Amino acid sequence: MELANLPTELLLHIAKALDRDGDIYALCRASRGFHNLAIRHLYRHNATAPDIERSAILWAAKHGQVSTAEQALLAGVDVNAPQGQPGTLPLVEATRFGNANMARLLLDKGADPNVLHGKAGTVLHTAAAQWDMGTAAALLEHGADVHAQRLDNGETPLHTAINSGAIMTGGATEMLGLLLDHGAGVADADFVGATPLHCAAACGNIAAIHVLLDRGADAILSSRGTHRETPLHAAVRVRNEAAAKVLMQRGADVEAPDARGKTVFWHAIKFGCPAILEMLLDKGGDASPRHPNGSLPLVQAARKGHVAVVKVLLAHGGSDIEADPELGESAMLAAVAKGHSGVVQALLDAGVYICTRDSVGNTLLVQAAFRGHDDVIDVLMRNGVAAAYCREWPARAGRPL
């Protein structure tokens, strides 16, 4: 007797005797009539049998096949139980591959909207990072926690959306609006105390800065972390001129100190931001304040090797080396010691005394030779330093005088 002519009960017994999905599926393909009879058993077997290697619901979630997912759910799949050998949740898979309709189906069937994707963030973090509006909306409508923090860094979905490449490059703000409309907090901080505005400032997301400020973010709010930086500090630290300009236009306090007492002025010097330094000085800032450790801006800039910053400070008169020769000499000594030939040339062009000596009487040329800074030696020699004025140095000097 042909297989297709066997009684229905016998055919079902044959299907139930098989323990591999592949064998059951092969039997389903034996005839059209038998397919309709056995396909439900195939889904039930896939949903309930232990050690299933390939999960139908995971495949459907990955590829956005809603009809397949519906069949698997009818067969008894637990949407909140890990599926297949990877042990993955269907909602995680649907979110990971951006299948919003699939995510909504799973949520309608009781999937937990706050499940973790890996060991860090929730599925809402994933949707926010991927700029997946459909999935994010479905999650929020089903109760996803908009304040949930990643386990590794404390970011909320709003932080993640701001830091994501999609929103940074596109300048779009729809994801921010969606999260904020569902209660995301503009003052929520991550584990280092950074708010979403700190993140927007650090990554130069101008559109996000405006949205956050319009929604009540505080432009002068200090981070609650160890460094207590303001958003303006964060922008200057990464040399983001555009973000710094917007923050200053929107009311950021340029005199607000961080935990070490340093204002953004000192950040601009430390991180080499001449354009931002120009903006600060044009707003009436002091070009020669004392650093918390007592040093002056020109010396700090020379030590860091930021030629453009040195030139800005000299141009704004706060570093008047004619009125205060010791200032220029201190900056020159710092530049020579660190081997910053460009700064040395800028200071020489500004008129710093070329025969400056350190506290023990060593000339600039001796110091450069001892440290092996050949580029500095070349600059000094081109500018007329005479070796005859240099006190003889031990044989270990880096270069003959």
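Going from the residue with the fewest nearby Cβ atoms within 10 Å to the one with the most, VAL376, VAL264 rank VAL376, VAL264. Counted by neighbouring Cβ atoms within 10 Å, the residues HIS142, HIS340 run from fewest to most as HIS142, HIS340.
Work out the FRET efficiency for ASP108 and LEU151 from their Cβ-Cβ distance, taking R0 = 30 Å, and round it to the nearest 0.05. It comes out at approximately 0.60.
A cut-off of 5 Å between modelled amide H atoms, ignoring neighbours fewer than 5 places along the same chain, links THR122 with HIS117.
Label separation (GLN85 vs ASP181): 4.3 nm, computed from points 7 Å beyond Cα along the C-beta direction.
Our coupling estimate for the stretch 370-380, obtained by passing each phi through the Karplus curve with A = 6.51, B = -1.76, C = 1.60 and θ = phi - 60°, is 4, 8, x, 8, 4, 4, 5, 4, 4, 4, 5 Hz, Gly and Pro reported as x. Compute the FRET efficiency between GLU326 and MET381 as 1/(1 + (r/R0)^6), taking r as their Cβ-Cβ distance and R0 = 30 Å, and round to the nearest 0.05. About 0.75, to the nearest 0.05. Note on ASP349 and LYS283: with the Förster distance fixed at 35 Å, the Cβ-Cβ geometry gives a FRET efficiency of about 0.80. Ranked by how many other Cβ atoms sit within 10 Å of their own Cβ, fewest first, the residues ARG260, ARG150, ARG357 fall in the order ARG260, ARG357, ARG150.
Computed from the coordinates by the stated procedures, all read-outs in this text should not be read as laboratory data. Please read these numbers as outputs of a predicted model, since none were measured by experiment. When we count neighbours, we look across all protein chains shown, and the Cβ atoms used for this are built from the backbone with ideal geometry, even at glycine.
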